[in-house]
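Taking it in order: structure first as structure tokens, then the write-up.
The values are calculated or read from the model by the stated rules, or taken from the named source; none is laboratory data. This structure is a prediction, so every number in the text was calculated from the model and none was measured. No Cβ is skipped: glycine too gets one built from the backbone with ideal geometry, and neighbour counts run over all protein chains shown. Each accessible area value is taken on the protein alone, full model and side chains, heavy atoms only, with ligands, DNA and RNA left out. Shrake-Rupley method; radii C 1.70, N 1.55, O 1.52, S 1.80 Å.
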Amino acid sequence: MGLLELFILAVGLSMDAFAVSVCKGLAMKQITFKNAAIVGAWFGGFQALMPLIGWLLGSRFKSYITAIDHWIAFVLLLIIGANMIKESFDKSEESANASLGFKIMLMLAIATSIDALAVGVTFGTMGSKLETSIWASVILIGITTFAISLGGVFIGNAFGVKYKSKAEVVGGIILIIIGLKVVIEHFT
């Protein structure tokens, strides 16, 4: 996985955080750069931390799963991507909460980065197939998510939740395509 593919993966992973950031922006009466940056820092930080944790777990158990690592990556990315697409069609109203309190932001940051943990496990099983270092990978994922979440707060305030489901569909499709690419590369 090269730098371009990693960036595309980072964008796909950040779509959940983007959707929640849009909701935060919708709930905020007055947006400041500081508040938008707080949202971005929470989501970007956890999107960087979770793949690192997943990588540690995946690399620890790599010797047990080397023969099927490509299928594990494919299945995890397929499930995560399909779930994102499914959630995009959920028409239930989400309550928009403007609070940036520790407990709320911690729960949201964890919830939006669980898929990044699974991707990190995939990184751990890929070994040398991951062309960029794990540090470069988590930094790129974190910075990408920070920027997209920061923008999401402003977009949410300006446009509401009009684009939330479209962002989740795009993110899900990106993750599925990357999963397919892993399997195809294994057989070629």
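Of all accessible surface on the chain at a 1.4 Å probe, what whole percent is carbon and sulfur? Present the calculation step by step, with values, prior to reporting the outcome.
Numbers: 6850 of 9470 Å².
Answer for the chain: carbon and sulfur cover 72 percent of the accessible area.
Multiplying the sequence separation of residue 35 and residue 87 by 0.36 nm and subtracting their Cα-Cα distance, what value in nm do you get?
The residue 35-residue 87 span can extend by a further 16.1 nm.
So what is the calculated 222 nm ellipticity per residue for the chain, using -39500 (n - 2.57) for each DSSP H run with n of 4 or more, over all residues, to the nearest 500 deg cm²/dmol?
Numbers: 8 runs with 151 residues, N = 188.
That comes out to -27500 deg cm²/dmol.
Quick check on my link table: of 62/86; 24/166; 29/103, which ones sit more than 24 Å apart, alpha carbon to alpha carbon? Walk me through the intermediate numbers first.
Numbers: 62/86 30 Å; 24/166 17 Å; 29/103 21 Å.
Exceeds cut-off: 62/86.
Charges at C-beta only: +1 for Lys and Arg, -1 for Asp and Glu. How large is the resulting dipole of the chain about its Cα centre, in Debye rounded to 20? Intermediate results must be reported in sequence, preceding the final value.
Details: 13 positive and 11 negative charges, 76 e Å.
So the dipole magnitude of the chain works out to roughly 360 debye.
(i) 51, 33, 31; (ii) 43, 41, 33; (iii) 52, 30, 26: which one is Cα extents along the principal axes in Å as calculated from this entry?
(iii)
Among all helices in the chain defined by DSSP H, which have a length of 30 Å or more along the axis from Cα atoms plus a Kyte-Doolittle mean of at least 0.5? Working shown, then result.
Details: long enough: 33-60 (40 Å, 0.87); 102-126 (34 Å, 1.63); 134-159 (36 Å, 1.84); 164-187 (36 Å, 1.34).
The answer, listed by residue number, is 33-60, 102-126, 134-159, 164-187.
What accessible area per residue comes out for the chain, rounded to a whole number of Å², with a 1.4 Å probe? Mind dumping the intermediate values first?
Values: 9470 Å² over 188 residues.
Accessible area per residue: 50 Å².
At R0 = 22 Å, how high is the FRET efficiency between residue 75 and residue 111 if r is their beta carbon distance? Nearest 0.05 is fine. Intermediate results must be reported in sequence, preceding the final value.
On the way: r = 21 Å, r/R0 = 0.97.
Result of the calculation: an efficiency of 0.55.
Would you mind calculating the relative contact order of the chain from Cα pairs under 8 angstrom and at least 6 residues apart, reporting the percent as a whole number?
Numbers: 328 pairs, mean separation 98.5, N = 188.
The normalised contact order for the chain reaches 52 percent.
With unit charges on the beta carbon (Lys/Arg positive, Asp/Glu negative), name the residue among 137, 13, 150 whose Cα is farthest towards the positive pole of the charge dipole of the chain.
Result: 150.
Collect residues whose amide H, placed 1.01 Å from N in the peptide plane, falls under 5 Å from the amide H of residue 132; neighbours closer than 5 in sequence don't count.
The answer is none.
So between residue 102 and residue 183, what do we pick up on full extension, going 0.36 nm a residue minus the alpha carbon distance? Don't jump to the answer; show the numbers that get you there.
Working: separation 81, 0.36 × 81 = 29.16 nm, distance 3.98 nm.
Gain on extension, residue 102 to residue 183, equals 25.2 nm.
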